[in-house]
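Student: My structure is below; once you've seen it, I'll send some questions.
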Amino acid sequence: MAKPLGPTGEFFRRRDEWRKHPMMTNNLRRATPGLGIALVAFGIYLVGEAAYNHFGRPDPHSTSHH
């Protein structure tokens with residue numbers, strides 16, 4: 001059984017009820033479809049480019065030119 005809320009707890013519970021409204025919960029997700037997958041893909045690209053620059057590229061200061 002839940003502990004009864006005091007006057008302060010009841011005030012904050014009522015004040016924050018709008019955050020759980022169904023209209024408010026999915027607005028950001030609907031406004032930016034695909035943002036999550038795009039951020040993941042961009043992060044993978046950045047990691048891949050950093051790895052290529054670190055391991056794949058020849059040293060620009062080397063004296064041998066082929």
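Student: Within the bounds of the range 33-52, is there any residue that is part of a loop (DSSP other than H, G, I, E, B) and either hydroxyl-bearing (Ser, Thr, Tyr) or modelled with pLDDT under 90 (or both)?
Tutor: Looking through the range 33-52, at least one residue is part of a loop (DSSP other than H, G, I, E, B) and either hydroxyl-bearing (Ser, Thr, Tyr) or modelled with pLDDT under 90 (or both).
Student: Can you tell me which residues in the range 53-66 are modelled with pLDDT of 80 or more and either β-branched (Val, Ile, Thr) or in contact with a helix residue (DSSP H, G or I) (Cβ under 6 Å, 6 or more places away or on another chain) (or both)?
Tutor: Within the range 53-66, no residue meets the criteria.
Student: Report every pair of residues separated by at least 6 positions or lying on different chains whose Cβ atoms are under 8 Å apart, first residue within the range 9-35 and surrounded by 10 or more Cβ atoms within 10 Å (Cβ to Cβ), second at pLDDT below 70.
Tutor: The qualifying pairs are Arg13/Leu5.
Student: Taking the range 1-25 as the region of interest, how many residues are in a loop (DSSP other than H, G, I, E, B) and at pLDDT 70 or above?
Tutor: Of the residues in the range 1-25, 2 are in a loop (DSSP other than H, G, I, E, B) and at pLDDT 70 or above.
The values are calculated or read from the model by the stated rules, or taken from the named source; none is laboratory data. These figures come from a predicted structure and were not determined experimentally. Backbone-built Cβ (ideal geometry, glycine too); neighbour counts: all protein chains shown.
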